Amino acid sequence: MELTGSPCSSHTFAFMPNARMMAQAVTPHIVKVFGKQWYMVTADTVDGKSAQQAMTDALKAEGGEVVGNSTTPFGTTDFTATLTEAKGAKPSAVILNLYGWDLINALKAYAKLELAKEKIGVGGMIGGEQIGRPLGYANNAGVWGLIWDPKINTESSKRFIQGVIDKYNHTPTSRCYLGYAAMMQILEAVRRAGTTETGAVIKALEGHDFDGLKDGRSYFRAWDHQHVQDVLVGQAYGKELGLGHYQILATVPGDAVAGGREQNTCKL
């Protein structure tokens, strides 16, 4: 919220989809698979709270209800007690507003407690190969928003994947994608501007359409500097799918979930 909300800066361009975009894309699919009664587990961080708010808003728009909440400290390793409490609320799904090792550890606890056998699903705003790989197929579960996935079949995405494989001997994750694609846009904007002067580079980026390595349109919206782009929705599978740990359920165009000026508090 401090990057893409009302405190946004003319010197900041948000390359990732913001929380609203991710939540609007993934929520209908979580509802379709698991239902509308959610228990939320949220990291006590700014991004955790942003995810909680965005997912709550998206769920209410689907006519759903949050039946319980737990907040966990950043760096939590044991989620057994938290998910046992969630189980007692009898939700249709547990929504994990977590990331990194917190999310990995929470999903391990979800598998250990066998909540899927209790007909309690799991999911959240953001997952990806950077979560699926250290987690492993056996513990992988749920429906998730994805920023990028190695199964995107565009020519530019395939070239990027092969370049990473050739240099680093592994398939890239969305973290690799974000760093590569964002840096390319900075470099290309400097080239277009013919200078590294800040104001000129900002103007070169504003409103610019570019190849975001996805199927749909990618561009930096001029009035809030948000990268409007496809958001993917994936379902985690506990087996090898080839090129990743997620089956792609949907590719949601950025313009369908980014919202207009009236839904956004950023005013540059």
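The values are calculated or read from the model by the stated rules, or taken from the named source; none is laboratory data. This one's a predicted model, so the numbers in the text were calculated from it and none came from an experiment. With ideal geometry, Cβ positions are generated from the backbone for all residues, glycine too; neighbour counts draw on all protein chains shown. To get the accessible areas, we keep the full protein, side chains included, count just its heavy atoms, and leave off ligands, DNA and RNA. Shrake-Rupley method; radii C 1.70, N 1.55, O 1.52, S 1.80 Å.
If each residue of separation counts as 0.36 nm, what is the full-extension length gain between Arg159 and Asn69 once their alpha-carbon separation is subtracted?
28.1 nm
Let me have the relative contact order for the range 10-74, percent, based on Cα pairs under 8 Å that are six or more residues apart.
Relative contact order, the range 10-74: 42 percent.
Quick check for you: with a 1.4 Å probe and neighbouring chains kept, what is the accessible area per residue of the chain, in Å²?
46
Roughly how many whole Å is it from the C-alpha centroid of the range 22-97 to that of the range 171-190?
If you average the Cα positions of each part, the centres end up 30 Å apart.
Positive end of the charge dipole of the chain (Lys, Arg +1 and Asp, Glu -1 on Cβ, about the Cα centre): tell me which of Ala14, Ser156, Phe210 has its Cα farthest that way.
With unit charges placed on the Cβ atoms, the residue in question is Ser156.
Could you tell me what percent of the accessible area of the range 166-262 is made up of carbon and sulfur, with a 1.4 Å probe and every protein chain present?
Carbon plus sulfur share of accessible area: 52 percent.
So which cysteines of the chain have no other cysteine's Cβ under 4.7 Å from theirs?
Cys176
Along Cα→Cβ, 7 Å out, is where each label goes; now give me the distance between the ones at Arg175 and Thr265 in nm to one decimal.
2.9
With +1 on each Lys and Arg Cβ and -1 on each Asp and Glu Cβ, and nothing else charged, work out how big the dipole of the range 158-234 is about its Cα centre, in Debye to the nearest 20.
180
Could you grab the relative contact order for the chain? Cα pairs under 8 Å, six or more apart, rounded to a whole percent.
23
Quick one: if you stick a label point 7 Å off each Cα along the C-beta vector at Thr196 and Ser6, how many nm between them?
According to this spin-label approximation, the distance is 3.6 nm.
The chain: D in µm²/s via Stokes-Einstein (Kirkwood Rh, Cα pairs, 20 °C, 1.002 mPa s)?
It comes out at roughly 112 µm²/s.
Please report, as a whole percent, how much of the solvent-accessible surface of the range 1-81 comes from carbon and sulfur atoms (probe radius 1.4 Å).
Carbon-and-sulfur percentage of accessible area, whole number: 52.
As a check on your grasp of the helix formula, calculate [θ] at 222 nm for the chain: sum -39500 (n - 2.57) over DSSP H runs of n ≥ 4, divide by the residue count, round to the nearest 500.
Calculated mean residue ellipticity at 222 nm is -12500 deg cm²/dmol.
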